[in-house]
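Quick notes on the structure that follows.
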Amino acid sequence: MPDAPSPVSVLRVALPLPLPRLFDYRAPEGAAVAPDWIGRRVRVPFGPRELVGVVADVGPGEDDARELRAIFDCLDPDPLLQGELAESLAWLSRYLHAPLGEVLSTALPAALRRGEPLPETHAWAWRLTEAGATALAGLRAGTRPRRFAELLSATRPGDGSDRAIEAPPQRDIGSHRQRDEDSLDALMDDWRGAARALARRGLAERVAVPASQLAPMPQPGPTPNAEQAEAIAAIGACQGFAPLLLDGVTGSGKTEVYLQAIARCLDAGRQALVLVPEIGLTPQALARFRARLGVPVHALHSGLAEGERSRVWAAAWRGEARVIVGTRSAVFVPLPQAGLIVVDEEHDGSYKQQDGIRYHARDFALVRGKALDVPVLLGSATPSLESLHNARAGRYAHLRLRHRAGNAQPPRVRVLDVRKRPLQAGLSAELLQAMREAVDAGGQVLVFKNRRGYAPVLLCHDCGWSAHCPRCSTPEHGSPMTVHAGGRRLQCHHCGARQPAPPACPDCASLALQPQGNGTERIEETLAQSFADVPVVRVDSASTRRKDAMERHLDTLGERPGVLVGTQMLAKGHDLPNLTLVAVVGIDEGLFSADFRAGEKLAQLLIQVSGRAGRADKPGTVWLQTHHPGHPLLQTLIQGGYHAFAEQELAQRQAAGFPPFGHLALLRAEAKQADAPMAFLHAAKRALADKQASVALHGPLPAPMARRAGMHRAQLLLAADERRPLHRLLEAGLPLVYGLPEARRVRWSLDVDPLDLY
């Protein structure tokens, strides 16, 4: 009898496609497929393309399994996504009702998504060769190669002596003098070109070193005060999973609590993950953590090169990275030896991904903490109403820091009514005088305006024409383009479209085109004239695009008297010890927004930016300029603080059935044709209505911004008093939505727990 054909193994592969299914492939001939293939990456054919996916399941094939296409190859000797991380990502896929393949792809760095191998995780350092040490004295003085060589020889640049340069204390690396690339970044700008020049001449070489050898010696920290000590003890007493809310006023020393909790975690041989909301906060956090903890501290954020992100992810996967500090996407790092997760500024909206897989990093950190059975510490001076509600319901331990650390005192707040007052770039004469007095006294001033650009509108003074974005405007509603570069350029802050400002009005040919309103550029221009004797530094997303730009801007000011002009980027966690006056201008637009979260966002922003003042020994003052000094939100914040506001806002949310007392999901659709999104959402509503019982379907309606980047937009809101009915409806109804003919004419997405309705 002929031999029976060998059984065929079938791999069920999750591919990065917007389709809620797995794809079956045949294993290669002779491959020994076992359950440990689950979590490995494979390269597969998909139509005419090749895709990289992740094996989600394996099993014996049916009779027709030989007809399946075979995978090209398996890319990993061991599963990349396994254990807790794989289970948590599967949970996230179910909760967001998102395709598993897209969720798994989101969790991997871009290089790994493309199929590149898991990188080596040793660190790199530079040292002089024997020839370089001999040639050092002959290198031309003052050049970058000479300065770089002097750094490697541990001499003071420029004088040729052998005195040690000033640098952070660091353990010796081997028997040769060498410096790791992280410390070189801190000691010399643009050192890489000089290093390559010396390497080409055989005078310097790059060497691989174990990352554990690169950590600085741990430095002692301050003695915790009574409130900090109580919080540190409460965290240390946690056995297993415990969600904790560290609710501390600005300047109360929350970072010190994090550091001591992480140090205890490291002493126990465990890993710690720290999430921060913005890339701009990462350098400050890294510098402080590296100085204190005595282990390598790894950064993970979108500003890093792809190779570096993969290297950090791999180091975490191997358990070598003991402390990882990163932004939103760092919540996906593997933590095989997890001991603690910290979410700093947990209220910040930056933790919510607004496109693709719309996850919330804070919420997913809590899910992972529970799966890993480790404490999760959420810190903020202005906790989100969801976190406060959970703390008051007893679901979170509530740790309070009510006083500023050291001798720092809360800033004094002054509300300035600017009605009928002349303003210069939005600044009153009284405020300018207070700023001058603060600068003359040796202090620094922060002028906060949450609108970048020169002016929000370009207007014709003769006929009333204004510049609107052609890609975001509709006949019913124009979307103004923001004026930049002192009036020479127009830019849409919604879609990024740019164009030169017209020399004359397109409607009436008048030359009376005038920028209306004020942005950070215009305020900077005005203050540079009024404060010509001190630095005036602008910090917004336009001025901080380059790597480490935020750090360089703050270093430019240093501790000298000067003025900072900035947006909400400056409201988040920066420690400016010489800042004595904060001026908040242009807050009125946030007082009357239709967004149900607008009051919470504005209150958090005002408290956070005000907290930058008076954080050291110098007293601080906050000036709030407004045309509505009697507004209830301002009065509540000034008289009762953030918690008084939160009490009132929670009561209003409960009465209205809004989160955290209700649960929402938003079905969005967009298309180039104006009628397609509404047609799709009407069909989706009919499909969902057949499956729903206790879920309200509101809409469909045009989105508050009905057109963006040439796409017409509409949305359908799903609301429920309880979470379970909402998810049952989505689980039952979404397969029908995927199958709608109207779905082929639009780009649609589902946002579970949306932060805003725009």
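Below are the figures for this structure:
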item	result
Qualifying strands (runs of 3 or more DSSP E) (wholly inside segment 187-279; at least 1 residues being closer than 30 Å to residue 363 by Cα and of a type in the set (A, V, I, L, M, F, W, C))	242-248, 271-275
Sole residue being closer than 16 Å to residue 276 by Cβ and in contact (Cβ under 8 Å) with a residue 60 or more places away in the chain, chosen from 295, 374, 367, 342	342
Flag for residue 527 being surrounded by 13 or more Cβ atoms within 10 Å (Cβ to Cβ) and in the same structural domain as residue 568 (by TED's automatic domain parsing)	yes
Residue in segment 629-643 that is assigned to a helix (DSSP H, G or I), in the same structural domain as residue 430 (by TED's automatic domain parsing) and among the aromatic types (Phe, Trp, Tyr) present	yes
For residue 709: the one exception among (1) crowded, with 20+ Cβ neighbours inside 10 Å; (2) within 30 Å of the chain's Cα centre (by Cα); (3) of a type in the set (A, V, I, L, M, F, W, C)	(1)
Test: residue in segment 586-598 that is of a type in the set (Gly, Ala, Ser) and in contact with a Pro (Cβ under 9 Å, 6 or more places away or on another chain)	yes
Residue 720 being closer than 20 Å to residue 94 by Cβ and of a type in the set (Gly, Ala, Ser)	yes
Residues of segment 404-414 that turn out to be modelled with pLDDT of 85 or more and buried (at least 18 other Cβ atoms within 10 Å of the Cβ), as a count	1
Elements of type strands (runs of 3 or more DSSP E) in segment 382-455, at least 3 residues being under 29 Å from residue 242 (Cα atoms)	397-401
Selection from segment 572-611 of residues that are among the aliphatic types (A, V, I, L, M) and more than 21 Å from residue 635 (Cβ to Cβ)	576, 579, 581, 594
Flag if residue 511 is aliphatic (A, V, I, L, M), over 30 Å from residue 606 (Cβ atoms) and either in a loop (DSSP other than H, G, I, E, B) or at pLDDT 90 or above (or both)	yes
In segment 651-684, the residues that are in contact with a strand residue (DSSP E or B) (Cβ under 8 Å, 6 or more places away or on another chain) and in a helix (DSSP H, G or I)	676, 677, 678, 680, 681, 682, 684
Index of the failed condition, residue 170 passing every other in (1) modelled with pLDDT of 90 or more; (2) not in a helix (DSSP H, G or I)	(1)
Failed criterion for residue 336 (all others in (1) part of a loop (DSSP other than H, G, I, E, B); (2) under 12 Å from the mean Cα position of the chain (by Cα); (3) modelled with pLDDT of 95 or more hold)	(2)
Any hit, segment 37-51, residues being over 19 Å from residue 315 (Cβ atoms), free of Cβ contacts under 8 Å to residues at least 12 places away in the same chain, out of contact with any Cys (no Cβ under 6 Å at 6 or more places or on another chain) and crowded, with 16+ Cβ neighbours inside 10 Å	no
Residue that is surrounded by the most Cβ atoms within 10 Å (Cβ to Cβ) [pool: residues in segment 630-664 that are more than 29 Å from the chain's Cα centre (by Cα) and farther than 29 Å from residue 696 by Cα]	636
Which listed residue is touching a strand residue (DSSP E or B) at 6+ places or on another chain (Cβ under 9 Å) and either at pLDDT below 95 or polar (S, T, N, Q) (or both), from 318, 311, 292	311
Residue in segment 541-561 that is crowded, with 16+ Cβ neighbours inside 10 Å, at pLDDT 85 or above and aliphatic (A, V, I, L, M) present	no
Residue match in segment 719-742 (condition: touching a Leu at 6+ places or on another chain (Cβ under 9 Å), outside any helix (DSSP H, G or I), at pLDDT 90 or above and closer than 26 Å to residue 593 by Cα)	yes
Candidate set from segment 516-539 (those that are more than 31 Å from the chain's Cα centre (by Cα) and outside any helix (DSSP H, G or I)); member that is nearest to residue 449 (Cα to Cα)	516
Selection from segment 288-308 of residues that are over 18 Å from the mean Cα position of the chain (by Cα) and assigned to a helix (DSSP H, G or I)	288, 289, 290, 291, 292, 293, 307
Scope segment 683-695; condition in contact (Cβ under 8 Å) with a residue 24 or more places away in the chain and either surrounded by fewer than 14 Cβ atoms within 10 Å (Cβ to Cβ) or not small (Gly, Ala, Ser) (or both); matching residues	685, 688, 690, 691, 692, 693, 694, 695
Selected residue (only one of 470, 475 is assigned to a loop (DSSP other than H, G, I, E, B) and either modelled with pLDDT of 90 or more or buried (at least 20 other Cβ atoms within 10 Å of the Cβ) (or both))	470
Residue in segment 243-256 that is of a type in the set (S, T, N, Q), in the same structural domain as residue 390 (by TED's automatic domain parsing) and in contact with a strand residue (DSSP E or B) (Cβ under 9 Å, 6 or more places away or on another chain) present	yes
Residue in segment 345-361 that is nearest to residue 81 (Cα to Cα), counting only those that are surrounded by fewer than 24 Cβ atoms within 10 Å (Cβ to Cβ) and charged (D, E, K, R)	358
Count - residues of segment 417-437 that are crowded, with 18+ Cβ neighbours inside 10 Å and either at pLDDT below 90 or polar (S, T, N, Q) (or both)	4
Residue in segment 685-692 that is part of a strand (DSSP E or B), polar (S, T, N, Q) and either outside the structural domain of residue 250 (by TED's automatic domain parsing) or touching a His at 6+ places or on another chain (Cβ under 9 Å) (or both) present	no
Residue within segment 723-731 that is more than 19 Å from residue 19 (Cβ to Cβ) and touching a Gly at 6+ places or on another chain (Cβ under 8 Å) present	no
Residue satisfying all of: in segment 173-184; surrounded by 13 or more Cβ atoms within 10 Å (Cβ to Cβ) and farther than 14 Å from residue 298 by Cα; modelled with the lowest pLDDT among these	173
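One line per residue, one yes/no per condition, for (1) closer than 30 Å to residue 178 by Cβ; (2) under 23 Å from the mean Cα position of the chain (by Cα):
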| position | (1), (2) |
| --- | --- |
| 217 | yes, no |
| 230 | no, no |
| 235 | no, no |
| 238 | no, no |
| 247 | no, yes |
| 251 | no, yes |
| 254 | no, yes |
| 260 | no, no |
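The values are calculated or read from the model by the stated rules, or taken from the named source; none is laboratory data. Given the structure is predicted, the values throughout are model-derived calculations rather than measurements. So basically every Cβ, Gly included, is an ideal-geometry build from the backbone, and we count neighbours across all protein chains shown.
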